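Presented below is the structure to which this report refers.
The values are calculated or read from the model by the stated rules, or taken from the named source; none is laboratory data. No experiment lies behind these values; they were computed from the predicted model shown. Calculation scope for accessible area: heavy atoms of the full protein, side chains included, ligands and nucleic acids excluded. Shrake-Rupley method; radii C 1.70, N 1.55, O 1.52, S 1.80 Å.
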Amino acid sequence: MIETLVFLGASLAVSYVPNPAPAPMAKAPLAKPATAATAPATAAATTATPQATAQAPAQPVLHALESRIIEKTNAQRVRAGLPPLAVDPSLVKSARRHAAWMTNNRSMVHTNQAVAENIAMGQHSSTEVVNAWMNSSGHRANIMNPGHRRIGVAAYMSPNGTVFWCQQFLH
């Protein structure tokens with residue numbers, strides 16, 4: 001599968017997203033992409049009561065690439081007899097924020113948040129990055145930790161083409 005690039009705008013650098021559906025951008029792009037796609041979506045504001053909101057947190061809208069990272073990660077866990085991880089909206093937000101920070105600063109550094117985290121840079125696909133993590137004992141330990149129940153992921157590309165990946169976990 002070919003994964004295409006999307007330019008988000010100056011504040012988030014460039015996102016590596018495989019969804020080629022055209023959509024308006026919130027900010028002017030850094031460069032005109034061959035195929036436009038959507039920026040990470042945010043949950044729409046609702047008029048739900050506080051009680052209803054407390055019962056079910058809003059689920060983030062994932063890019064297809066983010067979904068594939070989670071699917072491949074969960075496939076590894078299921079093969080080992082572990083339960084799949086649930087997508088956590090706060091972890092998705094945190095992973096996106098950190099991947100954007102790494103991209104904008106061209107620096108691969110772990111977050112200072114209280115989460116387990118796998119980061120990477122330079123891989124060109126979800127398969128390549130999950131394989132890299134699984135071939136590293138520390139990263140594999142995060143993915144296969146039986147105490148982890150929640151996940152959030154993100155991937156952004158710098159203007160020079162380097163992809164920064166972030167995967168975060170919580171119990």
List Glu66, Glu128, Glu71, ordered by accessible area with a 1.4 Å probe, largest first: Glu71, Glu128, Glu66
Full-extension gain between Ala114 and Val78, please, as 0.36 nm times their residue separation minus the C-alpha to C-alpha distance. 10.4 nm
Reported to the nearest 10 Å², His148 has, with a 1.4 Å probe, an accessible area equal to 10
For the range 90-95, Karplus-derived ³J(HN,Hα) couplings (6.51, -1.76, 1.60; θ = phi - 60°; whole Hz; x for glycine and proline) come out as 5, 6, 4, 4, 5, 5
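Express the carbon and sulfur contribution to the solvent-accessible surface of the range 81-171 as a percent, rounded to the nearest whole number, probe 1.4 angstrom.
Details: 2100 of 3950 Å².
Taking all protein chains in place, the range 81-171 shows 53 percent carbon and sulfur surface.
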Residues of the range 54-101: accessible area per residue at 1.4 Å, in Å²? 50
